[in-house]
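All remarks here apply to the structure that follows.
The values are calculated or read from the model by the stated rules, or taken from the named source; none is laboratory data. Every value quoted in this text rests on a predicted model; they were computed, and no experiment measured them. Counting neighbours? That spans all protein chains shown, and the Cβs are built from the backbone with ideal geometry, glycine included.
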Amino acid sequence: MKIDKKLIKELVDNLKEFDLTELEYQDGQTKIKVSKASKGIEQIKTSAVVSPNKAVLKSTDDSDGIRVKSPIIGTAYLAPEPGAKKFVEIGDKIKKGQTVMIVEAMKTMNHVPSTADGIVKKVLIEDGQPVEFGQTLVLLK
């Protein structure tokens, strides 16, 4: 198969022109994918800090406790893989720095560590649920 450099250059130009982070093109058996992931990650971090969803940040649970919050926008998973044991359960005693869940963003799995020692009082999200930056994920006592 001969590489069509002109087509690749055109796809890269479209990335820039339309401010995209990834573009995929397929013609029969030929499939070309171009991306600039590092800029996309930076844009997500920036938009997460600048405009978080205020409704999500206000917890529906007004009880006292230490809140472990999402460091990024993404999809939260309570276990390292489907069917595996969850990182934490209600009533578990955990240490500062221990992983409480994973938040996936742009196909990267980001471990969310506990911010303090404590006992898991409540897990405020479901497995596979989308989460916002700053959203409370786990409540510790």
Only one of these conditions is not met by Ala79: (1) at pLDDT 50 or above; (2) out of contact with any Phe, Trp or Tyr (no Cβ under 8 Å at 6 or more places or on another chain); (3) of a type outside the set (D, E, K, R). Which number is it? (2)
Here is a check on your reading of the model: is Val56 within 21 Å of Asp127 (Cα to Cα) and at pLDDT 90 or above? no
Restricting region 13-49 to residues that are among the aliphatic types (A, V, I, L, M) and exposed (fewer than 14 other Cβ atoms within 10 Å of the Cβ), the residue that is modelled with the highest pLDDT: Ala37
In the set Gly65, Gly74, Gly97, which member is farther than 28 Å from Ser35 by Cβ, of a type in the set (Gly, Ala, Ser) and at pLDDT 90 or above? Gly97
Mind checking which pairs have a first residue in region 18-32 that is basic (Lys, Arg) and a second that is surrounded by 14 or more Cβ atoms within 10 Å (Cβ to Cβ) and part of a strand (DSSP E or B), Cβ under 9 Å, 6 or more apart or different chains? Lys31/Tyr25
